[in-house]
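Here the structure is laid out as structure tokens; the discussion comes afterwards.
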Amino acid sequence: MDGVTAAGVTARARIEARADGRGGTALPVLEGGGPLAPRRTRAHGTEARVLLVGAMSGPLGGDRFAVEARVGEGARLHLGSAAATLALPGQAKGEARYDVRIDVAAGGELHWLPEQLISARGSDLHVTTRAELAPGARLLLREEQVLGRAGEEPGRLTSRLTVRLGGAPLLDQELSCGPGAPGGWDGPAVLGGHRAVGQLVLVAPGSPANPAEARMLGEGTALMPLAGRAVLVSAVAPDALALRRRLDEALALLTADRK
Amino acid sequence: MPLMSRAALLVLADGRFPAGGHAHSGGAEAAVKAGRVTDAATLERFCRGRLHTTGLVAASLAAAAVLGLAADELDAAADARTPSPALRTTARRLGRQLVRAARATWPSPELDALAKAFPKGAHQPVVLGLTARAAGLEPLDAAYCALYESVSGPATATVRLLSLDPFDATGVLARLAPELDRVADRAVEAARRALTEGVDDLPAASAPLLEIGAQAHAAWPVRLFAS
Amino acid sequence: MHLDHTHTGPEAVSADARRPDGERRALRIGLGGPVGSGKTATVAALCRALRDELSLAVVTNDIYTREDAEFLLREAVLPPERITAVETGACPHTAIRDDISANLEAVEDLEDAVGPLDLILVESGGDNLTATFSKGLVDAQIFVIDVAGGDDIPRKGGPGVTTADLLVVNKTDLAPYVGSDLARMAADAKAQRAELPVVFQTLRVENGVGEVAGWVRERLAAWTA
């Protein structure tokens, strides 16, 4: 249940998309509130669009946020957020958690393109994003982490992104940074002083006809075909703006590749 | 399994063990070229970052292989934890080279089966674990070996790349030793947990600059190291 | 030569004379020697001399580039799929002597990809006078020096000069210009090598590599006998 306890806020958004049988996408489940309120916006063709609108700041220490998105066979869902998520220190002790669960059926397509996650000084947040894709499911996913607001030291942030395709692991990456993170996180092997880091994952079965070739997309940005029918764009940048610019360029390239 | 001999660990961890490692810099060549590693202090930070990311992942995969988790599942887990195709190629190439050396050194049906199942090479940490198993070593030994390789390779390479004083490079490794102990314990704990929770539960600590740097390095026309 | 190798293990591991499928593998000949002595030129000349009669391939061990491989590709001495470069991490002698695993992989991959092969030439990166090939990697080795490197090299000896199955003294055409005494080099080589053969060659003349090519043919005849 959603609510506020002494330990912090518990909030959950649930979105379920199904093919409506008329070539469009219906949203039989659209639940949530407080910091995670889903709002349906104008559809684009066969694609339903939902924006997560936060009525509160957070997550703060002790908060538990969860987003569940299920996309059925033949349905297309575009899920975004209205604003950046700002992890802040809270009254409650302990880390905050933000768990995203994605489930896409064969022939379904999900675009999960939230705004940045900003780790503010003193915050402690553990994020997990777990996508289960059936064979033939399509996914476009972006995640961006910004270490501290402008000129600010970051908080503690751990973020794990797991994508499974047909029950087998496709991508599993965890990044841990900020005070108290395992040593070397800001050193020359991991982030090297960059304050923004992001990934773009595209799982697109059957398309492109020619698998993407690995290449550098400018400074600090690499396009990498994964060991399945998928590509990852990984980028580090000095700040959120530069990161978004790099990922936007990569996104344009990937979507152009698919045409 | 053969009787446990701790000395086998020295054979396996020796930088001269003929399994191809000498031609690889563990990302140090890319980091040196980018100006991120310039001296012993930056080498230490580089190695520390490797230890807690790619080192931890490799060590837990190796320890899990010693414990007998399925090699194909571990190999798939390694693929998912290695988004850079250049690093996947490197890991498989080194795995293939290691399985050759291992079969000649500690002949075992398990290693024969691994070589047969992965003719182009399994991920090196998985091979390392099965090699340790064939040598009668423990999960912790395999974890140590993987972790030591994760930092000794870049240290040796940096001596060649920067003409760094070899005593300084060795000092870096010695200073990292207590941290290496802790990560080795963590890796074995994770491997034991994977026995009940499955391989998905293994650590997935990533290092964006290692992955991106490896892709940049693979595209260079002129380089000293293969990776 | 390792004609006595038999197929004992479950599969070929190192210097086994037979491939996992039981077929006799290609003869492997290593070419080593100091930088600039003419190893790559000799490999190129051997390829031209032998490619019509033999199925052959080349592995290069460049120091920090694919330059030797690219020279051979540019010269089109063999189709590109028959030339492979091994990267050596700034230590070319390690890759041919102490840790031969990458080179073994390269020769096996060539046999898998373009085989069956009669002969694989493994060229080392230019190195010093002590660099020799492991017997686990090659069946015979040629050490290439040149007259311009100093006519005292045979006298100084070293593992390459002393123990190589064939010593090639290259660029004899330059001897008058660099003041090298070929007779003295021959006498010194004889003293170091006893009965092991020495060939003096220049690749500036028609069929300059002929004698070395003849030696390779003899080796191959013994290998397949």
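One table, with the values for the structure above:
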{"item": "Residue, most open to solvent (accessible area, probe 1.4 Å), within the stretch A:88-100, restricted to residues that are part of a loop (DSSP other than H, G, I, E, B) and not polar (S, T, N, Q)", "result": "A:LYS93"}
{"item": "Test: residue in the stretch B:70-77 that is of a type in the set (A, V, I, L, M), within 11 Å of another protein chain (Cβ to nearest Cβ) and in a loop (DSSP other than H, G, I, E, B)", "result": "no"}
{"item": "Of all residues making up the stretch B:150-165, the number that are away from chain C (no Cβ under 14 Å) and either open to solvent by 20 Å² or more (accessible area, probe 1.4 Å) or more than 15 Å from B:PHE46 (Cβ to Cβ) (or both)", "result": "1"}
{"item": "Cβ-Cβ under 6 Å pairs, at least 6 apart or on other chains, the stretch C:72-92 side open to solvent by 20 Å² or more (accessible area, probe 1.4 Å), far side at pLDDT below 85 and part of a loop (DSSP other than H, G, I, E, B)", "result": "C:ALA85/C:ARG66"}
{"item": "First in the stretch B:187-198 and under 19 Å from B:HIS52 (Cβ atoms), second anywhere and acidic (Asp, Glu), Cβ under 7 Å, 6 or more apart", "result": "B:ARG193/B:ASP201; B:ALA194/B:ASP201"}
{"item": "Among residues of the stretch B:7-58, those that are within 14 Å of chain A (Cβ to nearest Cβ) and either in a helix (DSSP H, G or I) or without any contact (Cβ under 8 Å) to a residue 60 or more places away in the chain (or both), counted", "result": "26"}
{"item": "Any hit, the stretch C:183-204, residues being outside any helix (DSSP H, G or I), farther than 22 Å from C:ASP118 by Cβ and free of Cβ contacts under 8 Å to residues at least 24 places away in the same chain", "result": "yes"}
{"item": "Filtered residues of the stretch B:176-195 (kept if more than 14 Å from B:LEU147 (Cα to Cα) and within 14 Å of chain A (Cβ to nearest Cβ))", "result": "B:ALA190, B:ALA194"}
{"item": "Sole residue being facing chain B (nearest Cβ under 10 Å) and open to solvent by 20 Å² or more (accessible area, probe 1.4 Å), chosen from A:ALA168, A:ALA150", "result": "A:ALA168"}
{"item": "Positions within the stretch A:178-202 being more than 10 Å from chain B (Cβ to nearest Cβ) and out of contact with any Lys or Arg (no Cβ under 7 Å at 6 or more places or on another chain), in sequence order", "result": "A:ARG195, A:ALA196, A:LEU202"}
{"item": "Residues located in the stretch C:80-94, provided they are outside any helix (DSSP H, G or I) and among the acidic types (Asp, Glu)", "result": "C:GLU87"}
{"item": "Of residues in the stretch C:177-225 being basic (Lys, Arg) and open to solvent by less than 60 Å² (accessible area, probe 1.4 Å), the one farthest from C:VAL161 (Cα to Cα)", "result": "C:ARG219"}
{"item": "Qualifying residue in the stretch C:40-47 (condition: open to solvent by 10 Å² or more (accessible area, probe 1.4 Å), outside any helix (DSSP H, G or I) and more than 14 Å from chain B (Cβ to nearest Cβ))", "result": "no"}
{"item": "Subset of the stretch A:78-87 [over 11 Å from A:LEU140 (Cβ atoms) and buried (at least 22 other Cβ atoms within 10 Å of the Cβ)]", "result": "A:THR85, A:ALA87"}
{"item": "From A:ALA242, A:ALA230, A:ALA235, A:ALA222, residue being within 20 Å of the chain's Cα centre (by Cα), at pLDDT 95 or above, more than 9 Å from every other protein chain (Cβ to nearest Cβ) and open to solvent by less than 30 Å² (accessible area, probe 1.4 Å)", "result": "A:ALA242"}
{"item": "Qualifying residue in the stretch B:196-204 (condition: open to solvent by less than 70 Å² (accessible area, probe 1.4 Å), away from chain C (no Cβ under 14 Å), within 13 Å of B:GLU29 (Cα to Cα) and not in a loop (DSSP other than H, G, I, E, B))", "result": "no"}
{"item": "So A:ILE118, is it of a type in the set (Val, Ile, Thr) and more than 16 Å from A:ARG70 (Cβ to Cβ)", "result": "yes"}
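Listed here are the residues, each with its yes/no results for (1) more than 15 Å from the chain's Cα centre (by Cα); (2) within 30 Å of B:ALA155 (Cα to Cα); (3) polar (S, T, N, Q); (4) part of a loop (DSSP other than H, G, I, E, B).
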site	(1), (2), (3), (4)
C:ASP68	no, yes, no, no
C:LEU78	yes, no, no, yes
C:ILE96	no, yes, no, no
C:LEU104	no, yes, no, no
C:GLU108	yes, no, no, no
C:ASP112	yes, no, no, no
C:LEU117	yes, no, no, yes
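The values are calculated or read from the model by the stated rules, or taken from the named source; none is laboratory data. The model shown is predicted, which means the values in this text are computed figures rather than measured ones. Virtual Cβ from ideal backbone geometry, glycine too; neighbours counted across all protein chains shown. Note: accessible area is taken over every heavy atom of the protein model, side chains too, but ligands, DNA and RNA are not part of it. Shrake-Rupley method; radii C 1.70, N 1.55, O 1.52, S 1.80 Å.
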